[in-house]
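K.L.:
Let me give you the structure first, and then I'll get to my questions.
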Amino acid sequence: MSKIGVIGGSGLYEIEGFVLKNRRNISTPYGKPSDRYLAGRIGETEVFFLPRHGGHHDIPPHMINYRANMWGMWGFRKLGVDRVLSISAVGGIKRGLKPGDIVVLEQVLDMTKNRKSTYYDGKDGVVHIDFTEPYCPELGRIILKAGRRSRVALKKGATYVAVEGPRLETASEIKGFRILGGDVVGMTGMPEAALARELEICYAGISVVANYAAGMSGTKLTVAEVMEAMKDSTEKIKRLLKAVFSLIPEERNCPCKDALKDARI
Ligand code: HPA
């Protein structure tokens, strides 16, 4: 029976059919995760939800303890959790993307500056994980199939630009990111993806376009529009996740599980 972690918005655990078993406080060598993990079951799948910004959405993106959050998921690996789905809000950079669109992430441009982005600070040796493909390719394919099954339209192959925040971007930054190949921009996608890889956890990113990125629409960006778009898309994300859970096989058939092989000096 597969076991899956979900990091994302706090309303997502209200998925139809989610049976809550307990709320788990986890302490880690890196400090406290954003909140308690909600452990439960959807059909045959055991699921562990973590609201990235805390239960009351009071942790800003640059203050999230990413290492503790992912380490908690790793702790659950003793129970068999080896896959994490990440749900996030983004601004749309690519022309044609509009608020409400849902993208499946394939690549990353990491523009963050001040975050603790590794578990390997030297004490446990020097490790360079391969990050050519930052997201689990197998999970990516499953998500696209789940989209077709659940009739949730998805855009594939998106490049995620991770910024430090908490401020939004300048128009020039967005123009530059577009030239570099960025499709969407968000503040939480890194270092989550890299930390998952260091723990050999499969990690996939599903992002909801909440707004046109800075300078694209001619109007000022507001937090209200971001929140509104996320609320509107919650039903679709829940439907999609339900289909994803039903399609995930027991065995992993991807390189993520061997990420530390040949990575150590
Ligand atoms: N920029 C950065 N992060 C975001 C945005 C944005 O426009 N929208 C939602 N998260």
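The values are calculated or read from the model by the stated rules, or taken from the named source; none is laboratory data. Everything quoted here is computed from the prediction, not taken from an experiment. Here Cβ is always computed from backbone atoms with ideal geometry, including for glycine, and neighbour counts include all displayed protein chains. For the accessible areas, the whole protein counts, side chains as well, though only heavy atoms, and no ligand, DNA or RNA atoms are used. Shrake-Rupley method; radii C 1.70, N 1.55, O 1.52, S 1.80 Å.
K.L.:
Going down the list Lys3/Lys98; Lys156/Lys220; Lys94/Lys155; Lys94/Lys116; Lys98/Lys238; Lys116/Lys175, which pairs span over 23 Å between their C-alpha atoms? Display every interim value, and only then the final one.
P.N.:
Numbers: Lys3/Lys98 33 Å; Lys156/Lys220 28 Å; Lys94/Lys155 11 Å; Lys94/Lys116 29 Å; Lys98/Lys238 20 Å; Lys116/Lys175 27 Å.
Checking Cα-Cα distances, Lys3/Lys98; Lys156/Lys220; Lys94/Lys116; Lys116/Lys175 exceed 23 Å.
K.L.:
Just tell me which lysines come within less than 26 Å, Cα to Cα, of Lys123; anything on the same chain fewer than 8 places away is out.
P.N.:
Lys32, Lys78, Lys113, Lys257, Lys261
K.L.:
Given the DSSP H assignment, sum -39500 (n - 2.57) over each helix run of at least 4 residues in the chain and divide by its residue total; what's the result at 222 nm in deg cm²/dmol, nearest 500? Intermediate results must be reported in sequence, preceding the final value.
P.N.:
On the way: 5 runs with 69 residues, N = 265.
After summing the helix terms and dividing by the residues of the chain, the value is -8500 deg cm²/dmol.
K.L.:
If you roll a 1.4 Å probe over segment 3-258 with all protein chains in place, what percent of the accessible area is carbon or sulfur? Intermediate values should be presented prior to the final figure.
P.N.:
Details: 6120 of 11950 Å².
The value for segment 3-258 is 51 percent carbon and sulfur by accessible area.
K.L.:
Is the shape of segment 195-257 rounded, prolate or oblate, going by the alpha carbon gyration tensor and its root eigenvalues a ≥ b ≥ c, with a/c under 1.5 for rounded and a/b larger than b/c for prolate? Don't skip to the end; give the middle numbers.
P.N.:
Numbers: a/c = 3.86, a/b = 1.90, b/c = 2.03.
Since a/c reaches 1.5 but b/c is at least a/b, the shape of segment 195-257 is classed as oblate.
K.L.:
A further question follows. Set Lys and Arg Cβ to +1 and Asp and Glu Cβ to -1, take the dipole of the chain about its Cα centre, and tell me which of Thr45, Pro255, Ile102 lies farthest positive.
P.N.:
Thr45
K.L.:
Also, quick follow-up: DSSP loop chymotrypsin sites (Phe, Trp or Tyr not before Pro) in segment 127-232 with at most 11 other Cβ atoms within 10 Å of their Cβ, which ones? All intermediate terms of the calculation are to be shown ahead of the outcome.
P.N.:
Details: sites: Phe131, Tyr135, Tyr160, Phe177, Tyr203, Tyr212; in loops: Phe131, Tyr135.
Sites meeting the loop and neighbour criteria: none at all.
K.L.:
Can you tell me which of 88-95, 218-225, 52-59 comes out highest on packing, and rank the rest after it, using the mean Cβ neighbours within 10 Å? Could you put the intermediate results ahead of the total?
P.N.:
Numbers: 88-95: 22.8, 218-225: 10.8, 52-59: 14.8.
The densest-packed peptide leads the list: 88-95, 52-59, 218-225.
K.L.:
Where a ≥ b ≥ c are the square roots of the eigenvalues of the C-alpha gyration tensor, would you call the chain rounded, which needs a/c under 1.5, or, failing that, prolate if a/b is larger than b/c, or oblate? Spell out each step's value before the answer.
P.N.:
Working: a/c = 1.44, a/b = 1.17, b/c = 1.23.
Because its axes are fairly even, with a/c under 1.5, the chain counts as rounded.
K.L.:
In addition: How large is ³J(HN,Hα), in whole Hz, for each residue of segment 58-66 in order, when computed from phi with the Karplus curve 6.51 cos²θ - 1.76 cosθ + 1.60 and θ = phi - 60°, using x for Gly and Pro?
P.N.:
Per-residue couplings from phi come out as 10, 10, x, x, 7, 10, 5, 8, 4 Hz.
K.L.:
When the Karplus curve 6.51 cos²θ - 1.76 cosθ + 1.60 is applied with θ = phi - 60°, which whole-Hz ³J(HN,Hα) does each residue of segment 131-141 get, with x for Gly and Pro?
P.N.:
For segment 131-141, the Karplus-derived couplings read 9, 3, 10, x, 10, 5, x, 5, 4, x, 5 Hz, x marking Gly and Pro.
K.L.:
Also, I was wondering about something else. Rounded, prolate or oblate: pick one for segment 142-261, where a ≥ b ≥ c are the square roots of the eigenvalues of its C-alpha gyration tensor, a/c under 1.5 means rounded, and failing that, prolate if a/b is larger than b/c, else oblate. Spell out each step's value before the answer.
P.N.:
Details: a/c = 2.35, a/b = 1.40, b/c = 1.68.
Oblate is the answer for segment 142-261, as a/c is 1.5 or above yet b/c matches or exceeds a/b.
K.L.:
Using θ = phi - 60° and the Karplus relation 6.51 cos²θ - 1.76 cosθ + 1.60, list the HN-Hα couplings for segment 23-35 in order, rounded to whole Hz, with x at every Gly or Pro.
P.N.:
10, 10, 7, 10, 10, 10, x, 9, x, 9, x, 4, 6
K.L.:
About the Cα centre, and with charges only on the beta carbon of Lys, Arg (+1) and Asp, Glu (-1), how big is the dipole of the chain? Nearest 20 debye, please.
P.N.:
On the way: 40 positive and 30 negative charges, 81 e Å.
Computed about the Cα centre, the dipole is about 380 debye.
K.L.:
Label points 7 Å out from Cα along the Cβ direction at Ser172 and Leu20: separation in nm?
P.N.:
Taking the two extended label points, one gets 4.8 nm.
K.L.:
Can you give me the accessible area per residue for segment 3-258, using a 1.4 Å probe, in Å²? Intermediate values should be presented prior to the final figure.
P.N.:
Values: 11950 Å² over 256 residues.
Here the per-residue accessible area is 47 Å².
K.L.:
While we're here: Among 136-148, 118-130, what's the highest-first ranking by average C-beta atoms within 10 angstrom per residue? Don't skip to the answer; put the middle values down first.
P.N.:
Values: 136-148: 19.7, 118-130: 12.1.
Peptide ranking by packing, descending: 136-148, 118-130.
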